[in-house]
Amino acid sequence: MDPGGGRLRPFPVQSGSSSEVEHTMAGFRALAEQVRNPRLVTVRRRTALRKCLERFAPYGHRATWHHLCTRAGFAVHDREPDPARLVAALAELEEARALWLAYEEEFAARRRREKHEGIRQPGALDDWHRRTWGGYDIVPCVSPQRHPAARLSEVLRRMIAAMEAGRPRRDCPVCGGTRFVWVPGPDGCPAAAGPACRECGVVAPAAVLSAEALHAAAAGPHGLTAFAAA
């Protein structure tokens, strides 16, 4: 389960064959064509857009869907929204996906260079990239209804820049908020717990925050109830 709710298929494994990632890319493109196809009924085009989130969902499935619906101007449960709004939502998703795929290519090339130079000790950036490989929960949101208002591509750009900078900070890398609450991971998994920004709702990677910010989050109220009351 992702933090924003909704069951996702297993993450592609970074060190495995590239065929799985290529298959995911092809699946996304085929679904995107269905969303844009004016010959298909609206219900089918909407379903195709939802299935795109099985291939790429930066906030988690439900939170990404809620974000796209909100930004494009149609209700989450609207079975027959304006097709133009579906296409607008797809365009935002594609823009973010293109940015992420370019980043993954750059990251993989850097790791190859480092290994060639004998640098094999992974760092915080490597760990974050391993957990987000494939485009799922890149910027997980603790609630499907609580997510950043900015475009997906801009949010990804901010998070990538913060992680690559490697400088722990006191504020949220996405919105600049300074209040965090510690939330449990999916299904109560301690390893997936983290500091959630009370302003925009993202669960920030611990590596990007300063010891002071992490201490404040850990010392305050914990859990989803505390987050909802923030």
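The values are calculated or read from the model by the stated rules, or taken from the named source; none is laboratory data. Computed from a predicted model, the values in this text were never measured in an experiment. Reconstructed Cβ throughout: ideal geometry from the backbone, glycine too, with neighbour counts over all protein chains shown.
Odds and ends about this structure:
- In the stretch 80-112, the residues that are more than 17 Å from the chain's Cα centre (by Cα), under 22 Å from L31 (Cα atoms) and in a helix (DSSP H, G or I): P83, A84, R85, L86, V87, A88
- Taken across the stretch 37-49, residues that are part of a helix (DSSP H, G or I), modelled with pLDDT of 90 or more, crowded, with 17+ Cβ neighbours inside 10 Å and not charged (D, E, K, R) do occur, with at least one present.
- Pick from the stretch 44-79, criterion over 13 Å from L31 (Cα atoms) and of a type in the set (K, R), ranking: farthest from the chain's Cα centre (by Cα): R79
- Close pairs (6 angstrom Cβ cut-off, 6 or more residues apart or separate chains): within 21 Å of A75 (Cβ to Cβ) in the stretch 138-150, modelled with pLDDT under 90 and assigned to a loop (DSSP other than H, G, I, E, B) anywhere: C141/G4; P144/G4; P144/G5
- Exclusive hit being of a type outside the set (S, T, Y), in contact with a strand residue (DSSP E or B) (Cβ under 9 Å, 6 or more places away or on another chain) and either loosely packed, with under 14 Cβ neighbours inside 10 Å or at pLDDT below 95 (or both), set H67, H61: H61
- Helices (runs of 4 or more DSSP H) contained in the stretch 122-230 and holding at least 3 residues at pLDDT 85 or above and out of contact with any helix residue (DSSP H, G or I) (no Cβ under 8 Å at 6 or more places or on another chain): 152-165, 211-219
- Set G6, G16: member being part of a loop (DSSP other than H, G, I, E, B), closer than 17 Å to I138 by Cβ and at pLDDT below 75: G6
- Only one of the numbered conditions (1) free of Cβ contacts under 8 Å to residues at least 24 places away in the same chain; (2) part of a helix (DSSP H, G or I) is violated by H77, and that is (2).
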